[in-house]
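The values are calculated or read from the model by the stated rules, or taken from the named source; none is laboratory data. Predicted model only: the values in this text are computed from it and were never measured. Here the Cβ positions follow ideal geometry from the backbone for every residue, glycine too, while neighbour counts run over all protein chains shown.
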Amino acid sequence: MSIFRRVRRVLGLETPEEPEKAEEETNFPRPDEITFDEGAYVAELEAERAAKDAFFRSHPASPIPPEERQHFASLEYYPPNPALRFVVRLERIEPPEPLSIPTSTGDEEHYERIGYVSFEVEGQPVRLAVYRSVANGSLFIPFRDATSGTETYGGGRYLEPIPLGDDKLLLDFNRAYNPYCAYSDEWSCPLPPPENWLKVPIRAGEKAYHKPAKSPQASQETP
């Protein structure tokens, strides 16, 4: 489950009984069939980010280690960039190909490769594999790009494509987020397979996490 769905549940915007969105559901607005309201989009994105910060700062299920939460202010993001929001066609693989993805702790998680998506970033062609979780059927794109290890988390980031029907997917890299292991080594996170290592920079979504510095007053009070 994505951090945004966790936050929505904590804030009472989604009930635990609500099922995961199935791949074939098509009740999302189709970006290629509606007028895109950039102002509303940016406002929604900023509200999501503020809710996530609040969750990370104070909720018991926060991935931020407890000793860091009192000094945590907010995550860092690239400015919203609607140009890195794509409606793409899924190039399906039939039948889907089973694969095990290694995790940061040496374990494995099981997925199916269901196809590929292709688009351009700054005039350069990009191709990513799309995976489906065996555990819950959700779609998943773990990736690394040219910013990984410098501007963004070295272990890569995650993207959850939204099915729009007719094998179309919405990829919104402004919602690309860090795995929990970016905040603490105690978490186990799937690592992006080499086929999803991009040479182009994806400057959208969440940036690298930096542990919050303690205030001078807090440092003086530490025995």
Query raised in the report: Any chance segment 114-137 includes a residue that's on the phi < 0 side of the Ramachandran plot, in contact with a Lys or Arg (Cβ under 8 Å, 6 or more places away or on another chain) and part of a loop (DSSP other than H, G, I, E, B)?
Result: no
Requested in this report: For segment 105-114, state whether one or more residues are closer than 29 Å to P66 by Cβ, surrounded by 14 or more Cβ atoms within 10 Å (Cβ to Cβ) and not aromatic (F, W, Y).
Outcome: yes
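So that you can scan it fast, the table gives a plain yes or no per residue for (1) under 16 Å from the mean Cα position of the chain (by Cα); (2) at pLDDT below 95:
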residue	(1), (2)
H110	no, no
N136	no, yes
R144	yes, no
T152	yes, no
G156	yes, no
P179	yes, no
D185	no, yes
Query raised in the report: Mind checking which residues of segment 177-217 are over 20 Å from V126 (Cβ atoms) and part of a helix (DSSP H, G or I)?
Result: Y180, C181, A182, P216, Q217
Report task. Being basic (K, R) and surrounded by fewer than 16 Cβ atoms within 10 Å (Cβ to Cβ) narrows it down to one of K199, K168, so name that one. Result -> K199
